[in-house]
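Asks: Pasting a structure here, questions to come.
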Amino acid sequence: ARRARAMQRQGQTPSIVDRPLPKGRSEVSLSAFSFLFSELVQYHRTRASSIAELEQKLSEAGEGVGSRMLEVLAHREKSNRREIRLQGILQFINTNVWRCLFGKVADSLEIYNDDEYVLGDKSLVVNRYISVPKDLGDLNCGAFAAGVVKGVLRDAGFPAEVSAYYAEVDGQRTPKTNILMKFAPEVLEREKRLGA
Amino acid sequence: GHAGARGVAMASHRTRSGGRGNPEHAGNAAWLATEKVNAELFTLTYGALVMQVMRDCEDCVEEVNKRLDKMGVSIGSRLIEDFLAKTNTTQRCASFKETCEVVALVGLKMFLGLTCVVTNWSLENTECDILFEHLNPFCEFVELPDRFVQDDLKYCQLLCGVVRGALLAIGTKTECEFVSDKLKGDETFVMHMKFLGNVEDEYPFED
């Protein structure tokens, strides 16, 4: 902000990176987001030749969100300290990213295999749709959220294949959204080198 | 009789929602009552949408502007139902002036949390400007590369489409454009509204 003011004094327009970062506390209605998201889905649905392609496009959109979220949160919440360990980045996604985007931390984080972790959420806020068929609704939200995770992991240096799937939960009407992260071999090798 | 009952119903409607004469109260009340999400989720998702449309249109700005507008109209035509339901609206606006006040003070407030002012009315009250304090839900974090400023990318065109589409769905044809755009280096965001006519007044095409 100081640099921005200095530039203004010199008659230069401060670029966007010199302005203070927003505090991240403003809101919009869930309705507004739902309408925007359903239009995003609709846009890709008419252009995709398969459900898999639709999910891929939604995941790509999510990656854009995740990638930028990493920058904003690392700066705002982590004093620019970057996670270099797997557990660290997983906690970052589970807590910081989820809380910023969805208003709460994720419900669960489990390890399936050496290279596979699963993040679970009982009800992603993006699931609450307006005027989009419910059967496809959850699938699309999952793909988008998976993309967000993928974007964060990729830009943080932990490349992984990320996908979303559903799991029935006893005593719950709606299924749980699970986000499966399968990490590239180089990530695990690096973890070993750094001392597991 | 019937008129008396309707009179009572309208009186209680006025009491409940703060009255037709106070769109600012109605807007604030609806904003307070609505479920909300982090604005950054909206902003980044919109940004991702614009980027994908840009790529699909191979950076052709004219195509992108058209596409964003079209998506906005599609949203507007569905959003109007949500608006009417949430604001308990049962009556038509009496004039274009009232329509624009409702758009600016109720609509933009309850969906996006924006505080706007309607001003610069033309003599016949068919044109006006909506002034925005900011357009952060769309534009936070956004800076347009020079070539897109030069080619006149209308980054926020989706919002214009939403307003036009919503009004069209209730029979009011309008033009709706940003005549001042901070992303292009202007001081403020100003949306210009122009009344074009009511749909039912149109001459039927079949003779």
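Asks: Need the full-extension length gain, B:GLN91 to B:ASP151, defined as separation in residues times 0.36 nm minus the C-alpha distance. One decimal, nm.
Replies: 17.4 nm
Asks: Quick check: from the Cα gyration tensor, does the protein assembly as shown come out rounded (a/c under 1.5), prolate or oblate?
Replies: Prolate is the answer for the protein assembly as shown, as a/c is 1.5 or above and a/b outweighs b/c.
Asks: Moving on. With the Cα gyration tensor of the stretch A:72-122 giving a ≥ b ≥ c as the square roots of its eigenvalues, does the rule (a/c under 1.5 for rounded; else a/b larger than b/c for prolate; else oblate) give rounded, prolate or oblate?
Replies: Working: a/c = 3.85, a/b = 1.29, b/c = 2.99.
In terms of gyration-tensor shape, oblate.
Asks: Hey, can you grab everything whose amide H is under 5 Å from the amide H of B:THR174? Only 5+ residues off in sequence or another chain; H modelled, so Pro and N-termini drop out.
Replies: Result for B:THR174 returns B:LEU196.
Asks: Before we go on, tell me the buried accessible area for the A/B pair, both chains summed, 1.4 Å probe, in Å² to the nearest 100. Provide the component values of the computation, followed by the final result.
Replies: Details: alone 11720 and 12340 Å², together 20590 Å².
Chains A and B together bury approximately 3500 Å².
Asks: For chain B, just say rounded, prolate or oblate: build the C-alpha gyration tensor, square-root its eigenvalues into a ≥ b ≥ c, call rounded for a/c under 1.5, and beyond that prolate if a/b exceeds b/c, oblate if not. Could the numbers behind the result be given before it?
Replies: Working: a/c = 1.99, a/b = 1.57, b/c = 1.27.
It is prolate, given that a/c is not under 1.5 and a/b is the larger ratio.
Asks: Further question: Go through B:178-190, A:24-36 and give me the packing order, highest mean Cβ count within 10 Å leading. Numbers along the way, then the final one.
Replies: On the way: B:178-190: 15.5, A:24-36: 21.1.
Output ranking for B:178-190, A:24-36: A:24-36, B:178-190.
Asks: Can I ask one more? Could you order peptides B:155-165, A:112-122, A:94-104 by the average number of other Cβ atoms within 10 Å of their residues, highest first?
Replies: Working: B:155-165: 24.9, A:112-122: 16.3, A:94-104: 18.5.
Descending mean neighbour count gives B:155-165, A:94-104, A:112-122.
The values are calculated or read from the model by the stated rules, or taken from the named source; none is laboratory data. Computed from a predicted structure; not experimentally measured. Here the Cβ is made from the backbone with ideal geometry for all residues, glycine too, and neighbour counts use every protein chain on show. Protein only, heavy atoms only, side chains kept; ligands, DNA and RNA dropped before computing areas. Shrake-Rupley method; radii C 1.70, N 1.55, O 1.52, S 1.80 Å.
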